[in-house]
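Undergrad: One structure follows; several queries about it will come next.
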Amino acid sequence: MDDSPRTLHIAAWDDRFLAWLLDVLLVGVVLSALGEAAGVFSLLTGSLSVTTPFTGLNGLGLFVYWTVLEGRQGKSVGKTVMNIAVTDERGEAIDYGTAAIESFGKAFLLPLDILVGWLAYDEEGIRLFNKLSSTIVIETDEEDGKPTDVEYVYPDDK
């Protein structure tokens with residue numbers, strides 16, 4: 001077995017932002033379409049309500065979306081496009097519980113999550129809820145294999 005440390009490249013903030021933006025747009029389109037369908041249904045049934053059952057559920061929709069996809073495969077659609085993934089601190093897959101903790105901050109508390117991350121964990125390149133869930137976001141085009149130790153390489157965009 002190779003005793004050299006496994007190198008994990010921490011994903012750059014711009015890649016993470018673009019992945020987040022793609023996910024928000026995708027989930028927003030789906031929730032908007034569902035809201036429109038509910039609105040049409042309420043008009044057809046004679047309801048005068050202007051609101052739909054989907055109003056205000058964007059955060060919940062994003063939380064479920066990220067928890068399920070990242071807990072299952074470590075990647076959302078946005079992360080897949082940007083070739084990044086959420087892993088534990090050793091580069092291993094995370095479970096649904098860990099994904100739920102990691103996803104909570106970006107779904108409901110993103111400004112605070114990022115601000116605390118930048119102020120307290122800038123050297124590590126993580127958000128507050130990455131720290132709380134012991135996760136990192138890495139580039140995925142790196143070599144596979146089980147590490148005996150880990151060496152982190154941080155992005156140059158700090």
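The values are calculated or read from the model by the stated rules, or taken from the named source; none is laboratory data. The shown structure was predicted, so the numbers you read here are calculated from the model rather than taken from an experiment. Cβ sites come from the backbone with ideal geometry, for glycine too, and all protein chains shown count toward neighbours. Protein only, heavy atoms only, side chains kept; ligands, DNA and RNA dropped before computing areas. Shrake-Rupley method; radii C 1.70, N 1.55, O 1.52, S 1.80 Å.
Undergrad: Within the set of pairs 6 or more residues apart or between chains, which connect a residue that is farther than 21 Å from Trp13 by Cα inside region 136-158 to a residue that is modelled with pLDDT under 55 and surrounded by fewer than 15 Cβ atoms within 10 Å (Cβ to Cβ) with Cβ atoms less than 8 Å apart?
TA: Close Cβ pairs satisfying both conditions: Thr148/Met1.
Undergrad: Any idea how many residues of region 122-141 are open to solvent by less than 50 Å² (accessible area, probe 1.4 Å) and either in contact with a helix residue (DSSP H, G or I) (Cβ under 8 Å, 6 or more places away or on another chain) or assigned to a loop (DSSP other than H, G, I, E, B) (or both)? Lay out the reasoning, then the answer.
TA: Quick first cut of region 122-141, residues open to solvent by less than 50 Å² (accessible area, probe 1.4 Å) only: 125-130, 133, 135-138, 140.
Then keep just the ones that are either in contact with a helix residue (DSSP H, G or I) (Cβ under 8 Å, 6 or more places away or on another chain) or assigned to a loop (DSSP other than H, G, I, E, B) (or both); that gives 125-130, 133, 135-137, 140.
Adding up the residues that qualify gives 11.
Undergrad: A further question follows. Just wondering, is there one or more residues in region 51-71 that are open to solvent by 80 Å² or more (accessible area, probe 1.4 Å), assigned to a loop (DSSP other than H, G, I, E, B), of a type in the set (S, T, N, Q) and at pLDDT below 90? Spell out how you get there, then give the answer.
TA: Quick first cut of region 51-71, residues open to solvent by 80 Å² or more (accessible area, probe 1.4 Å) only: 51, 53, 55, 58, 60.
Those still in the list that are assigned to a loop (DSSP other than H, G, I, E, B) too: 51, 53, 55.
Restricting the remaining residues to those that are of a type in the set (S, T, N, Q) gives 51, 55.
Filter once more, keeping what is at pLDDT below 90: 51, 55.
Checking region 51-71: at least one residue is open to solvent by 80 Å² or more (accessible area, probe 1.4 Å), assigned to a loop (DSSP other than H, G, I, E, B), of a type in the set (S, T, N, Q) and at pLDDT below 90.
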